[in-house]
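All remarks here apply to the structure that follows.
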Amino acid sequence: MQGCAHNCLKFILMFLNLLIFVCGIGLIVTGTFLALGFTDWIQIETVANLLQSDLLRVGAYVIIAAGCFVIIVSGFGCGGACCENKCMLGVYFVLLLLIFCAQLAAGILAAIYSAEIETFIKTEATDFLGTNFNNTGNGTNDVDNYANELATVAWISLQNELDCCGVSGVGDYAGNVYLSRNPPEFCLDDSGNAKSGCEAPLKELLEMYATVIGATAIGVACLELFCMVFAVCLCRNVGQDD
C-alpha cells in the first residue's frame with residue numbers, strides 16, 4: 001500500500017512538471033508576442049518608450065528568460081521524481097521556492113507600478129505632448145533628444161494603431177511649438193474631424209497585457225505550490241520501501 005502511494009506521488013509530480021514545462025513554453029510565447037507585437041498586439045517596446053519606462057522595456061525579455069528557467073527547473077523535477085534522487089529533489093524544491101518568491105515580489109511591484117502608470121499618463125505624458133513631442137534636436141543634451149525621439153515615434157505609432165489622438169484629445173498638442181501644423185495630421189480622421197483621446201484604449205491595452213501576464217503567472221505559481229508539496233512528500237518517502 002505504501003509502495004502504491006509512493007508511486008502515485010512520483011507520477012503526480014512528473015505530471016505536474018510536465019504542466020510546468022508547458023507553462024514555461026507559454027511564458028516564452030507570451031514574452032515573444034509582447035516583444036514583437038504580433039497580430040493586434042503593440043510591441044511592449046513602443047509602450048515602454050512612450051511611458052519612458054525601463055522596467056517595461058526589458059519586461060518581455062524577462063518573461064522569456066523566466067520561461068526558459070521554468071523549463072530547466074521542470075527538468076530537475078522530472079529527473080528527481082523519475083530517479084527518486086533526494087539531491088535533485090532538494091535542488092528542485094529550492095529553485096521552485098526562489099521562483100515563487102520572485103513571482104510574489106514581482107506581483108507586488110506590478111500592483112504598485114500599475115497605479116503609477118495611470119498617474120503618468122494623466123500628467124507627464126500629457127505634458128510631453130504639449131512641450132516636447134517632436135522635439136528631437138533642441139533638448140539640453142543628446143540623451144534628452146534621443147528620449148524625445150523614441151517617445152515621439154512611439155506616440156505616433158500608438159495613435160495610428162489605436163486610431164486616437166493624444167491622451168485626452170487633440171487639445172493635448174495645443175501650444176506645441178515643434179509641430180509644423182496643429183493639430184497634427186494623425187489626429188484627424190478621413191473627414192477632417194478630431195479623433196478621441198488615447199487614454200481609454202491605452203488603459204485597455206495595458207490591462208490586456210497585465211491580464212495575460214498575470215493569469216500565466218498565477219497559473220504557474222499554483223502549479224509550483226503543488227509541486228513543492230509533492231516534492232517534499234516524495235523526498236521523505238524515498239528509501240522507506242527498502
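General remarks:
- Accessible area (Å², per residue) of the chain, counting only protein heavy atoms and a probe of 1.4 Å: 53 Å²
- Mean separation of Cα contacts under 8 Å, 6 or more apart, over the residue count of the chain: relative contact order %: 26 percent
- Loop chymotrypsin sites (Phe, Trp or Tyr not before Pro), segment 130-218, which have at most 16 other Cβ atoms in a 10 Å radius of their Cβ (DSSP): Tyr178
- Ser168 - accessible surface, heavy atoms, 1.4 Å probe, Å² rounded to 10: 90 Å²
- Distance histogram in 5 Å bins (all Cα pairs of segment 153-206, percent per bin): 5, 21, 32, 26, 12, 4, 0
- Segment 139-242: trypsin sites (Lys or Arg not before Pro) falling in loop per DSSP and having at most 16 other Cβ within 10 Å: Arg181
- An ellipsoid equivalent to segment 183-242, defined through the eigenvalues of its Cα gyration tensor, has semi-axes of 57, 7, 6 Å when rounded to whole angstrom and sorted largest first.
- Charge dipole of the chain (Cα centre as origin; +1 on each Lys and Arg Cβ, -1 on each Asp and Glu Cβ, all else neutral): 940 debye, rounded to the nearest 20.
- Percent accessible area from carbon and sulfur atoms, the chain, protein chains only, probe 1.4 Å: 65 percent
- Axial C-alpha extent at least 24 Å, average Kyte-Doolittle at least -0.5 - helices from the chain (DSSP): 2-36, 54-83, 86-120, 142-162, 199-237
- Volume per residue of the C-alpha convex hull in the chain, rounded to whole Å³: 127 Å³
- Here the spin labels are modelled as points 7 Å beyond Cα on the Cα-Cβ line, and at Leu18 and Val232 they lie 2.6 nm apart.
- Between Ala215 and Ala106, the modelled label-to-label distance comes to 1.7 nm, taking each label 7 Å out from Cα in the direction of the beta carbon.
- Separation in nanometres of the label points that stand 7 Å from Cα toward Cβ, at Leu97 and Ala174: 6.0 nm
- Compared with the rule-of-thumb size 2.2 N^0.38 Å for a compact globular protein, segment 116-206 has a Cα radius of gyration ratio of 1.04.
The values are calculated or read from the model by the stated rules, or taken from the named source; none is laboratory data. Computed from a prediction, not measured in an experiment: that's the story for all the values here. Please note: Cβ atoms are built from the backbone with ideal geometry, for glycine as well, and neighbour counts cover all protein chains shown. Side chains included, ligands, DNA and RNA excluded: accessible areas come from the protein's heavy atoms. Shrake-Rupley method; radii C 1.70, N 1.55, O 1.52, S 1.80 Å.
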